[in-house]
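Reading through the structure tokens given below for one structure.
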Amino acid sequence: MNLFDVYSLFDVTPVKGLGCHIWDDKGTEYLDLYGGHAVISVGHCHPRYVAALNDQIDRIGFYSNSVRNPLQERLATLVGELSGYGDYSLFLANSGAEANENALKLASFHTGKDRIVAFRHSFHGRTSGAVAVTDNPAIVSPFNSNHKVTFLPLGDSAAVEAELAKGDVAGVIIEGIQGVGGINIPEDSFFRELRELCTRYGVVLILDEVQSGYGRTGKFFAHQWAGIRPDLISMAKGMANGFPIGGVLISPAFKASKGLLGTTFGGNYLAMAAAIAVAEIIRDERLMDNAAAVGKWLTDNIPQSPLIKEVRGRGLMMGIDFTVPVAPIRSALLYDKHIFTGVSGKGMIRLLAPLTLSVPEASQFVSALGEILDNQ
Ligand SMILES: Cc1ncc(COP(=O)(O)O)c(C=O)c1O
């Protein structure tokens with residue numbers, strides 16, 4: 001049987017990882033500034049993380065959500081402490097798209113309404129509701145598009161107000177920073193206007209922090225730079241360093257009812273052991289501070305070049321916006337310099353390194369990029 005061919009593949013087969021480094025099946029070492037797409041938050045094979053998973057699989061690997069699971073409660077406490085959202089509740093799922101599905105469902109259930117406002121260039125996942133609020137017709141089927149969604153320009157609060165004033169909107173969904181769409185950072189003032197409009201019109205504000213959250217920008221969630229508190233916050237990628245997981249933080253205004261949300265695997269023991277280890281490592285190693293400091297160092301040291309339009313981002317969520325297609329630059333980084341990077345569209349190199357990245361590792365990238373640009 002073949003695999004269903006849906007991914008564009010690098011010509012590298014990783015077999016080992018440690019910290020910000022990966023080795024392939026031929027023994028070649030790579031610097032990982034892609035973090036497996038923002039997932040590797042505490043570095044590959046962090047010893048505390050490995051020990052926590054080994055220890056848990058030795059005790060009990062799985063039981064259903066029909067029994068009390070103290071590990072879930074421990075994770076909720078830790079996330080509350082790290083994020084400052086200790087008064088919210090946590091619902092645990094298995095992926096970013098699933099977290100968003102549950103957030104959209106809660107918004108609709110809570111308001112009794114069914115229309116959602118989303119933003120141009122958004123990406124929220126590939127399941128039915130999540131892809132319906134994603135601004136990319138190439139990945140939406142007719143079945144998925146059977147939802148009431150209105151896409152507005154990011155930053156246009158007058159357009160948001162005009163939609164909310166119609167009275168039929170359940171929720172507004174927005175990424176903390178648009179990742180797939182090209183590291184588009186909403187203005188702090190726009191976040192504050194959104195908060196005010198959602199409160200005024202009784203609409204649920206959903207922050208998708210699946211990529212921008214979990215310490216990546218130097219604060220626990222990217223929207224915290226604007227000082228707002230959304231009603232629902234979805235998260236996933238960095239939560240368990242590669243163990244599948246997702247979650248929704250739910251404000252105290254939402255009432256739970258038995259059976260409304262649920263999942264077989266969400267909150268399972270192994271995912272909890274992984275996520276607890278990650279949260280403790282982020283706390284104990286002050287990785288949010290590191291992300292802020294090394295991210296600033298990188299932004300300040302990206303080489304000047306007529307091929308680079310702009311460097312934008314926060315902490316270790318960064319885009320280098322080029323005036324030319326980046327495919328050859330990314331290939332040279334990977335195959336000649338042995339550095340993994342991501343992209344956004346055709347013109348942007350996207351950096352989503354582990355939060356443990358050091359300045360010497362960042363400077364290896366800066367030198368490599370400088371050499372590649374000199375030869376363009
Ligand atoms: C902002 C955002 N939301 C949701 C998702 C979907 O997450 P998952 O692939 O875990 O379903 C992604 C994945 O890239 C994302 O970047």
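The values are calculated or read from the model by the stated rules, or taken from the named source; none is laboratory data. Values in this document were obtained by computation on a predicted structure and should not be read as measured data. Using ideal geometry, Cβ is built from the backbone for each residue, glycine included, and neighbour counts are taken over all protein chains shown.
Counted as qualifying within the range 148-236 are the strands (runs of 3 or more DSSP E) with 3 or more residues that are within 16 Å of the ligand (Cβ to nearest atom) and either of a type outside the set (A, V, I, L, M, F, W, C) or crowded, with 21+ Cβ neighbours inside 10 Å (or both), namely 169-175, 204-208, 232-235. Taking (1) more than 12 Å from the ligand (Cβ to nearest atom); (2) within 21 Å of Phe254 (Cβ to Cβ); (3) in contact (Cβ under 8 Å) with a residue 12 or more places away in the chain; (4) not hydrophobic (A, V, I, L, M, F, W, C) in turn, Ser64 satisfies each apart from (2). Could you list all residues from the range 7-60 that are modelled with pLDDT of 95 or more, within 16 Å of the ligand (Cβ to nearest atom) and either surrounded by fewer than 10 Cβ atoms within 10 Å (Cβ to Cβ) or on the phi > 0 side of the Ramachandran plot (or both)? Of everything in the range 7-60, those that are modelled with pLDDT of 95 or more, within 16 Å of the ligand (Cβ to nearest atom) and either surrounded by fewer than 10 Cβ atoms within 10 Å (Cβ to Cβ) or on the phi > 0 side of the Ramachandran plot (or both) turn out to be Tyr7, Gly35, Gly36, His37, Ala38. Screening the range 245-262 for residues that are of a type outside the set (A, V, I, L, M) and in contact with a helix residue (DSSP H, G or I) (Cβ under 7 Å, 6 or more places away or on another chain) and picking the one that is farthest from the ligand (Cβ to nearest atom) gives Phe254. Between Gly347, Gly295, the distinction of being within 22 Å of the chain's Cα centre (by Cα), surrounded by 20 or more Cβ atoms within 10 Å (Cβ to Cβ) and of a type in the set (Gly, Ala, Ser) belongs to Gly295 only.
Among the candidates Leu106, Leu75, Leu71, the residue that is of a type outside the set (Gly, Ala, Ser) and within 23 Å of Thr127 (Cα to Cα) is uniquely Leu106. If you go through the range 44-66 one residue at a time, do you hit one that is over 30 Å from Val204 (Cα atoms) and touching a strand residue (DSSP E or B) at 6+ places or on another chain (Cβ under 6 Å)? Yes: the range 44-66 contains one or more residues that are over 30 Å from Val204 (Cα atoms) and touching a strand residue (DSSP E or B) at 6+ places or on another chain (Cβ under 6 Å).
Determine which member of the set Ala103, Ala99 is assigned by TED's automatic domain parsing to the domain that holds Gly181, in contact (Cβ under 8 Å) with a residue 12 or more places away in the chain, touching a Leu at 6+ places or on another chain (Cβ under 7 Å) and within 12 Å of the ligand (Cβ to nearest atom). Being assigned by TED's automatic domain parsing to the domain that holds Gly181, in contact (Cβ under 8 Å) with a residue 12 or more places away in the chain, touching a Leu at 6+ places or on another chain (Cβ under 7 Å) and within 12 Å of the ligand (Cβ to nearest atom) holds for just one of Ala103, Ala99, which is Ala103. Of the residues making up the range 249-267, none is closer than 20 Å to Gly35 by Cα, buried (at least 16 other Cβ atoms within 10 Å of the Cβ) and in contact (Cβ under 8 Å) with a residue 24 or more places away in the chain.
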